[in-house]
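*Asks:* Encoded as structure tokens, here's the structure I'll be asking about.
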Amino acid sequence: MNRLQVVLPGLNLKNPIIPASGCFGFGEEFAKLYDLSMLGGIMIKAATGEERYGNPTPRVAESDMGMLNAIGLQNPGVDGIIAKKLPFLSQFDTEIIANVAGSTPEEYEEVTRRISRDPVVKAIELNISCPNVKSGGLQFGTDPKMAAELTRRVKAVSEKPVYVKLSPNVTSIVEMAQAVEQAGADGLTMINTLVGMRIDVRTGQPILANRIGGLSGPAIKPVAIRMINDVAQVVSIPIIGMGGVMEVDDVLEMIYAGASAVAIGTANFVNPFICQELITALPKRMDELGIEHILDIRGKAYGATLHRA
Amino acid sequence: MNRLQVVLPGLNLKNPIIPASGCFGFGEEFAKLYDLSMLGGIMIKAATGEERYGNPTPRVAESDMGMLNAIGLQNPGVDGIIAKKLPFLSQFDTEIIANVAGSTPEEYEEVTRRISRDPVVKAIELNISCPNVKSGGLQFGTDPKMAAELTRRVKAVSEKPVYVKLSPNVTSIVEMAQAVEQAGADGLTMINTLVGMRIDVRTGQPILANRIGGLSGPAIKPVAIRMINDVAQVVSIPIIGMGGVMEVDDVLEMIYAGASAVAIGTANFVNPFICQELITALPKRMDELGIEHILDIRGKAYGATLHRA
Amino acid sequence: MIQLLTVVTRRQIASGATELVCRRPDATPIEPGRFMHLRVGPLLRRPISIANVEGDLITFLFKEIGQGTKELARLRAGDQIDALGPLGNGFPVEHVARDAKIVLVGGGIGVPPLYYTMRRLVERGIACEAILGFDTADSVFYEDEFRKLGPTTVTTIDGTAGIQGFVTAALDSNRFDTLFACGPEPMLRSIQQVPIKHKFLSIENRMGCGIGACFACVCPTPDGHYVKTCSDGPVFRAEEVIL
Amino acid sequence: MIQLLTVVTRRQIASGATELVCRRPDATPIEPGRFMHLRVGPLLRRPISIANVEGDLITFLFKEIGQGTKELARLRAGDQIDALGPLGNGFPVEHVARDAKIVLVGGGIGVPPLYYTMRRLVERGIACEAILGFDTADSVFYEDEFRKLGPTTVTTIDGTAGIQGFVTAALDSNRFDTLFACGPEPMLRSIQQVPIKHKFLSIENRMGCGIGACFACVCPTPDGHYVKTCSDGPVFRAEEVIL
Ligand SMILES: Cc1cc2nc3c(=O)[nH]c(=O)nc-3n(C[C@H](O)[C@H](O)[C@H](O)COP(=O)(O)OP(=O)(O)OC[C@H]3O[C@@H](n4cnc5c(N)ncnc54)[C@H](O)[C@@H]3O)c2cc1C
Ligand SMILES: Cc1cc2nc3c(=O)[nH]c(=O)nc-3n(C[C@H](O)[C@H](O)[C@H](O)COP(=O)(O)OP(=O)(O)OC[C@H]3O[C@@H](n4cnc5c(N)ncnc54)[C@H](O)[C@@H]3O)c2cc1C
Ligand SMILES: Cc1cc2nc3c(=O)[nH]c(=O)nc-3n(C[C@H](O)[C@H](O)[C@H](O)COP(=O)(O)O)c2cc1C
Ligand SMILES: Cc1cc2nc3c(=O)[nH]c(=O)nc-3n(C[C@H](O)[C@H](O)[C@H](O)COP(=O)(O)O)c2cc1C
Ligand code: FES
Ligand code: FES
């Protein structure tokens, strides 16, 4: 077995590096820069039932080692994605994970039903943690009962394994994780962005047109590590970790904390070649640290019993 | 009225700059660097019933534009503080705010009872949000009912106004704020640190001996701004804002968001003269931006009706 | 796509404005109006227009706004800059008719891309004029450089240099059939109204990726859709975008 | 308390180890064993021992560990460093008897403060010896500089230079009545056991403030209390601290 290979429900990742949803579009732009077949997988931009324009601009603000975004789930709608985006992605030898969002449980169900039937899609990422939309999004992601109910409904209609994307904006992410695990989630992805705000001191007004946005990037990494570590100890489904990963050591830190694979978001904006570079750097760094297989270190920070599946 | 002066329950601050609790000790070290009488106030290190040694070391880890600490409320105990620390602080013409912590409601009450009777202390900061201790601390700070009950009990025994220090590690900080306001809190201070973790990739083990710690510094500023903004709109008690303030524009951002004064934590470690420098820089920057009195901008980000009290 | 540029010279050209000339690893031609996404100190890159290209030299002109441009202005000869680009689509200098009557209108930090654009038009033998708007005399830059290329009018809001008022005050629309503009949004909005047949506007927008993947920089279009400033623009036909 | 130091020379002195000589704004004397808290790129300052002082020149010797020391190693002549200090309490060079028999024991990044300490002892006319422990021949630094001050023994763990083993392998405790040591915790722990009367250890600890205000750097003491590495130390009597 390839020392970077990770097998998860529905996903046979040749390595644990996956661009995060919303930070890689549908791969078209990055395909001009490098061969996407080298990626473990790709988490594509959120799909909703209808095409959405999203929020007014400015949609991005910056903070120290972090960025705030309030894109607002702009996307061509599930049918547009199936018709125009997935065919393009089908040419690459990598695992496509479809991020599903909605305003109502029915919309989540409908989007999942359609997109999970496309053979290009290998797994669903249930986005119940988007802080940038008025209805849906974060609501489902902060109430364990609602999250469990939504997971159950989506699982019932999905033809592919369902990974639930958790929000860090909660008192107990462990409770959320346990609720969706019990509701049948096949895996977890975490963390989505922290809700944040910046104000322009010249106007006294929020920089983002949406006022608030989601904080991502290195600033949130210690929060992500802590949450992955807490959740990994109590669930038995795998975790795809994310939040501020920029360097190969960050990837290792997430896996030590209990993640089985790692998604890269904001870093793609700083360095569009980052995923390629991380994949190349991993084996070298593993050699230096005496790590044979990447999953040998999974959960070691809390003393997990190790196995490579 | 001095354009920087801020009058809050129990506190007549000559300017809105206050070193944050735990980041300034009991002032002794900084008193060697500049005249503490220039400060709006001083939030002293947490007091507990008995002397506490705190956590094993390492107690500090770093992350991008943030730091994690797990000091664990080391302090000489309330009697030690009253006997050895407050007399020293009494020489300065500044407002002393005593940070109170404990493992049980009884300990909080006892510490408050004693320290609030000392004439040097002008207000109590109820620390229900320390993530670095086994019992007490964060428990009280994440459950609105427990927080309200504790606030009520402490208010009942306090001779000075009580400011409750809120934790950002909650699903709804607004709910927490409203709960403690209804329980009689005279003001709020926010935010305490976000729970975080870092792992040493050479050992696979957490860097902090306590495993987890509290994330502070510029990394958390957008989260602090957002929470202050949300809370300021729904409570009618004043807020002392904190979280990542390093520059004069950060101070203004917090006040635009709804804070009445601003506490400076981690920045004191980066630049021990920071509070002095901010106080000097404020009037100049206010001139540039056409701000007459510092409170003229309070809450402007959400369109607050303005008054200078 | 990512190049390491080496700073050759840095020069203050106006109050708070800097010219940075850098050496590229190669000398591939670049169309005017495109930009580079520069990684300085802060997390996100900063989009800066290409103000000139000569062989392997590339010039940036920029105003110090916040941390990113301040750090850029502190670079010294020999320092390196991580540059993603050139990105976006520029002004259609190769597509305008040889007898076109072109005016270039720049406002403040919108002036830089027009210098290179004008140079390239003049090289193609197309006569054109420039109108450059600034706040005040102190902030005027590159006036002489533009004059060497063709007739140039400067306007300042406070009247301390050139004509007092906004750029539109100096614009006689009857004399031109093509307009290239770059500047602040209010300026571009008023230019949208100017009765000149072909109008191309370079717009600004906060960016994430700079390559079309994140949807940060969208601009609505009259047909109810949107364009991305970074990859569809930054130059658009005036009728294409709602500002 | 905060000074801007100006880098005069930077030099690699061993694999991954750098010597940085900087100019201070003044020439006030500094006791050996104290440290400076340097602000480089990362948020928190980095404590680095003062390895030498001559007039207004100050020397740091350090190993590249993470981001902070890596950025420090990339500084060039003319660059400035924001330095808080000197901080802490150093070795009691002014208080040891003139006829004391002193051995200085340094391990790895613990070697730097001992150079300045030995220099000052020698200036006071006190004869002393040094034992310097490194991992391997590649990482040995300042051996010649120490030899110029007095008898110096080098040890390496892999035996590629000097005596093979830890510093304790080269330490004949019968010959000395005073010991000054700085190095990794395991080394200091074994030195606590060495039967030499006066033992002073400089300890390391992760720091926040560096001035005694944050309680990050505490070290337990045998009487059930604690000391702060930054302000009570970093030099302590061996009996004073539990390592
Ligand atoms: C296509 C394009 C070309 C540009 N060309 C030039 C040029 O040639 N010369 C020049 O001086 N400026 C130019 N700008 C504007 C320049 O990008 C901003 O001034 C710069 O990003 C400000 O960064 P900062 O860190 O100094 O300011 P900050 O205000 O601290 O920046 C904070 C964040 O806001 C973004 N931002 C702030 N102002 C702008 C703006 N006007 N446009 C886009 N993003 C902004 C920054 O990129 C950053 O992400 C251009 C902008 C665009 C979109
Ligand atoms: C009093 C004192 C004097 C020192 N003198 C020297 C010296 O002269 N030469 C030298 O090479 N090193 C010295 N060190 C160690 C030096 O401080 C660390 O190597 C340095 O802080 C590592 O920073 P980094 O960013 O490169 O590494 P990182 O591992 O990225 O640092 C992360 C965080 O951990 C802290 N840290 C990491 N290692 C240490 C350590 N060993 N001690 C304390 N904090 C640490 C850093 O300060 C930072 O806050 C001294 C330490 C102390 C406490
Ligand atoms: C511009 C932007 C757009 C995003 N869009 C989505 C999205 O559509 N769906 C989703 O689940 N997460 C979205 N995210 C969150 C990321 O997938 C990721 O969880 C988060 O940014 C943390 O990772 P990072 O710090 O590596 O960016 C978005 C993040 C950014 C920065
Ligand atoms: C080292 C350290 C110790 C702290 N100790 C306390 C404490 O004793 N009581 C308390 O209420 N908050 C404590 N805090 C939290 C700060 O007061 C402040 O709320 C937090 O650090 C956010 O502000 P900052 O980003 O400016 O540091 C501590 C923070 C740090 C970094
Ligand atoms: S900046 Fe990302 S799409 Fe334009
Ligand atoms: S580092 Fe803060 S007390 Fe020593």
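Each value in this text was obtained by applying a stated rule to the coordinates, not by laboratory testing. Keep in mind that this is a model prediction, so the values were computed, not measured. Positions of Cβ are generated from backbone atoms using ideal geometry, with glycine treated the same way; all protein chains shown enter the neighbour counts.
*Asks:* FRET efficiency for A:Asp35 and D:Ile163, Cβ-Cβ distance as r, R0 = 45 Å, nearest 0.05?
*Replies:* Result of the calculation: an efficiency of 0.25.
*Asks:* Want the number for A:Thr104 to A:Phe273: 0.36 nm per residue separation, take away the alpha-carbon distance, what's left?
*Replies:* 57.2 nm
*Asks:* Measuring from a point 7 Å past the Cα of B:Gln182 along Cα-to-C-beta, which residues in the stretch B:226-247 have an amide N at less than 13 Å?
*Replies:* Once the point is set 7 Å along Cα→Cβ of B:Gln182, nothing inside the stretch B:226-247 turns out to lie under 13 Å by backbone N.
*Asks:* Follow-up question, since we're still on this one. So what is Rg over Rh here for the stretch C:80-177, counting just Cα atoms and using Kirkwood for Rh?
*Replies:* So for the stretch C:80-177, dividing Rg by the Kirkwood Rh gives 1.00.
*Asks:* Would you compute, from DSSP H runs of 4+ residues alone, the mean residue ellipticity of chain B at 222 nm, taking -39500 (n - 2.57) per run and dividing by the full residue count, rounded to the nearest 500?
*Replies:* Values: 11 runs with 95 residues, N = 309.
Taking each H run of at least 4 residues, the total per residue is -8500 deg cm²/dmol.
*Asks:* Would you work out the Kirkwood radius for the stretch D:203-242? I mean one over the mean of 1/r across all pairs of different Cα atoms, in Å.
*Replies:* On the way: mean 1/r = 0.1007 Å⁻¹.
The Cα-based Kirkwood calculation yields 9.9 Å.
*Asks:* Using a cut-off of 13 Å between beta-carbons, work out the net charge of the residues near A:Val157 (Lys and Arg +1, Asp and Glu -1, A:Val157 not included).
*Replies:* +2
*Asks:* Can you list the lysines whose alpha carbon sits under 18 Å from that of B:Lys145, skipping same-chain ones fewer than 8 residues off?
*Replies:* The qualifying lysines are B:Lys155, B:Lys165.
*Asks:* Which whole-number percent is the relative contact order of the stretch D:47-158 (Cα, under 8 Å, 6+ apart)?
*Replies:* Rounded, it is 23 percent for the stretch D:47-158.
*Asks:* Which whole number gives the average count of other chain Cβ atoms within 10 Å of the Cβ atoms across peptide A:22-31?
*Replies:* Whole-number average of other-chain Cβ neighbours for A:22-31 is 4.
*Asks:* Moving on. Given that compact globular proteins tend to follow 2.2 N^0.38 Å, what is the ratio of the alpha-carbon Rg of chain C to that value?
*Replies:* Chain C yields a ratio of 0.96.
*Asks:* Remind me, what semi-axes does chain B give for its equivalent ellipsoid, largest first in whole Å, using sqrt of 5 times each Cα gyration tensor eigenvalue?
*Replies:* 26, 22, 21
*Asks:* Between D:Thr168, D:Thr117, D:Thr28, where does the largest GNM mean-square fluctuation fall for chain D, given springs only between Cα atoms within less than 10 Å?
*Replies:* Sorting by GNM fluctuation, first place goes to D:Thr28.
*Asks:* Can you work out the PRE-style zone for A:Asp287? Point 7 Å along Cα to Cβ, and I want the residues of the stretch A:12-55 with backbone N under 20 Å.
*Replies:* A:15-17
*Asks:* A further question on this structure: Over its Cα atoms, what ratio of radius of gyration to 2.2 N^0.38 Å does the stretch B:110-225 give? Write out the running numbers ahead of the final one.
*Replies:* Values: Rg = 15.8 Å, N = 116, 2.2 N^0.38 = 13.4 Å.
Taking N as the residue count of the stretch B:110-225, the ratio is 1.18.
*Asks:* When chain A is treated as a GNM, springs tying every alpha-carbon pair under 10 Å, which of A:Tyr34, A:Tyr108, A:Tyr163 comes out with the largest mean-square fluctuation?
*Replies:* Result: A:Tyr34 has the largest fluctuation of those listed.
*Asks:* Normalised by the number of residues in the stretch C:110-187, what is the relative contact order in percent for Cα pairs under 8 Å and 6+ residues apart?
*Replies:* Computed value for the stretch C:110-187: 30 percent relative contact order.
*Asks:* For each of A:Ser63, A:Ser236, count neighbouring Cβ atoms within 10 Å of the residue's Cβ, then give the residues from fewest to most.
*Replies:* In order of increasing Cβ crowding within 10 Å: A:Ser236, A:Ser63.
*Asks:* Find how much the distance from C:Glu71 to C:Ser15 grows on full extension, using 0.36 nm per residue of separation minus their present alpha carbon separation; answer in nm with one decimal.
*Replies:* 18.6 nm
*Asks:* Identify the GluC sites (Glu not before Pro) of the stretch A:1-86 meeting these criteria: DSSP loop state and at most 15 other C-beta atoms within 10 Å of the C-beta.
*Replies:* Passing sites in the stretch A:1-86 are A:Glu50, A:Glu51.
*Asks:* Which three lengths, in whole Å and largest first, does the stretch B:256-309 cover when its Cα atoms are put on their principal axes?
*Replies:* Sorted from largest, the Cα extents of the stretch B:256-309 read 36, 21, 18 Å.
*Asks:* What FRET efficiency would be calculated for the residue pair A:Lys145, C:Lys197, taking the C-beta separation as r and a Förster radius of 51 Å, to the nearest 0.05?
*Replies:* Here the calculated transfer efficiency is 0.25.
*Asks:* Suppose you put the label 7 Å out from Cα in the Cβ direction; list, shortest first and in nm with one decimal, how far C:Asp138 is from each other copy's label.
*Replies:* Nearest first, the other copies' label points are 5.5 nm away.
*Asks:* Quick one: pull the percentage of alpha-carbon pairs in the stretch D:141-243 with a separation above 23 Å. Working shown, then result.
*Replies:* Values: 1882 of 5253 pairs.
When all Cα pairs of the stretch D:141-243 are counted, 36 percent exceed 23 Å.
*Asks:* Grab the DSSP H runs of chain D that are 4 residues or longer, score each as -39,500 (n - 2.57), total them, divide by all residues and round the 222 nm result to the nearest 500 deg cm²/dmol. It would help to have the intermediate numbers written out before the result.
*Replies:* Working: 4 runs with 35 residues, N = 243.
That comes out to -4000 deg cm²/dmol.
*Asks:* Please report, for the Cα atoms of the stretch C:51-134, the Rg to one decimal and the Dmax as a whole number; what are they, in angstrom?
*Replies:* Rg then Dmax for the stretch C:51-134, in Å: 15.0, 44.
*Asks:* Determine the relative contact order of chain D: mean sequence separation of Cα pairs under 8 Å and six or more apart, normalised by residue count, in whole percent. Present the calculation step by step, with values, prior to reporting the outcome.
*Replies:* Values: 590 pairs, mean separation 41.6, N = 243.
Computed over chain D, the figure is 17 percent.
*Asks:* Follow-up. Calculate the spin-label point distance for B:Lys84 paired with C:His95, positioning each point 7 Å from the Cα along the beta-carbon direction, and give it in nanometres.
*Replies:* Label-label distance for C:His95 and B:Lys84, simple model: 7.8 nm.
*Asks:* Let me ask something additional. Of the peptides D:155-165, B:208-218, A:267-277, how do they stack up when ordered by the mean number of other Cβ atoms within 10 Å, highest first?
*Replies:* Numbers: D:155-165: 16.1, B:208-218: 24.8, A:267-277: 21.4.
Going from most to least packed, we get B:208-218, A:267-277, D:155-165.
*Asks:* In straight Cα distance, which lysines are under 24 Å from B:Lys84, not counting same-chain residues fewer than 8 positions off?
*Replies:* Partners found: B:Lys32, B:Lys45, B:Lys122, B:Lys160, D:Lys228.
*Asks:* When the Kirkwood radius is taken over all Cα pairs of the protein assembly as shown, what Stokes-Einstein diffusion coefficient follows at 10 °C and 1.306 mPa s, in µm²/s?
*Replies:* D = 50 µm²/s.
*Asks:* What is the mean number of Cβ atoms from other protein chains located within 10 Å of the Cβ atom of each residue in peptide B:226-232, rounded to a whole number?
*Replies:* Values: counts 14, 3, 1, 5, 3, 0, 0.
Average per residue, whole number: 4.
*Asks:* For the stretch A:160-219, max minus min Cα coordinate along each principal axis, in Å, sorted largest first?
*Replies:* Taking the Cα atoms of the stretch A:160-219, the three principal extents are 49, 26, 21 Å.
*Asks:* Something else: Would you be so kind as to identify which of D:Ile81, D:Phe134, D:Met207 lies farthest towards the positive end of the dipole of chain D, taking Lys and Arg as +1 and Asp and Glu as -1 on Cβ and the Cα centre as origin?
*Replies:* D:Ile81
*Asks:* Can you pull the semi-axes for the stretch C:1-77, root of five times each eigenvalue of the Cα gyration tensor, sorted largest first, whole Å? Intermediate values should be presented prior to the final figure.
*Replies:* Details: eigenvalues 72, 39, 28 Å².
They are 19, 14, 12 Å, listed largest first.
*Asks:* Which Rg and Dmax, in Å, describe the Cα atoms of the stretch A:1-66?
*Replies:* For the stretch A:1-66, the Cα-based Rg and Dmax read 15.4, 48 Å.
*Asks:* Which distance in Å, rounded to a whole number, links the C-alpha centroids of the stretch C:29-55 and the stretch D:2-79?
*Replies:* The two parts, judged by their Cα centres, are 35 Å apart.
*Asks:* Which three numbers, in whole Å and largest first, are the semi-axes of the equivalent ellipsoid of the stretch B:141-182 derived from its Cα gyration tensor as √(5λ)? Before the final figure, lay out each step's value.
*Replies:* Numbers: eigenvalues 72, 18, 12 Å².
In descending order, the three semi-axes are 19, 9, 8 Å.
*Asks:* Given 4 °C and 1.567 mPa s, how large is the Stokes-Einstein diffusion coefficient of the stretch A:1-117 in µm²/s, with Rh as the Kirkwood radius over Cα pairs?
*Replies:* The estimated diffusion coefficient comes to 84 µm²/s.
*Asks:* Please report, for C:Gly78, the nm distances (one decimal) from its label point, 7 Å out from Cα along the beta-carbon direction, to the equivalent points in the remaining copies, shortest first.
*Replies:* C:Gly78 label point versus its equivalents elsewhere: 0.6 nm.
*Asks:* Also: Given the C-alpha centroids of the stretch A:1-69 and the stretch A:211-229, what is the distance between them in whole angstrom?
*Replies:* Cα centroid of the stretch A:1-69 versus Cα centroid of the stretch A:211-229: 17 Å apart.
*Asks:* Which is farthest toward the positive dipole end of the stretch A:174-309 among A:Met197, A:Ala232, A:Gly290, measuring Cα position about the Cα centre, with Cβ charges +1 (Lys, Arg) and -1 (Asp, Glu)?
*Replies:* Farthest along the dipole direction, towards plus: A:Met197.
*Asks:* Based on alpha-carbon centroids, what's the gap between the stretch A:139-168 and the stretch C:173-200 in Å, whole number please?
*Replies:* 51 Å
*Asks:* Still on this structure, I have one more. What is the average number of partner chain Cβ atoms found within 10 Å of a Cβ in A:64-74? Present the calculation step by step, with values, prior to reporting the outcome.
*Replies:* Values: counts 16, 10, 11, 8, 3, 5, 1, 5, 1, 1, 5.
Per residue, the number of nearby Cβ atoms from other chains is 6 on average.
*Asks:* For chain C, with a Gaussian network of springs between Cα atoms less than 10 Å apart, report the residue from C:Gly224, C:Gly110, C:Gly208 with the top mean-square fluctuation.
*Replies:* C:Gly224
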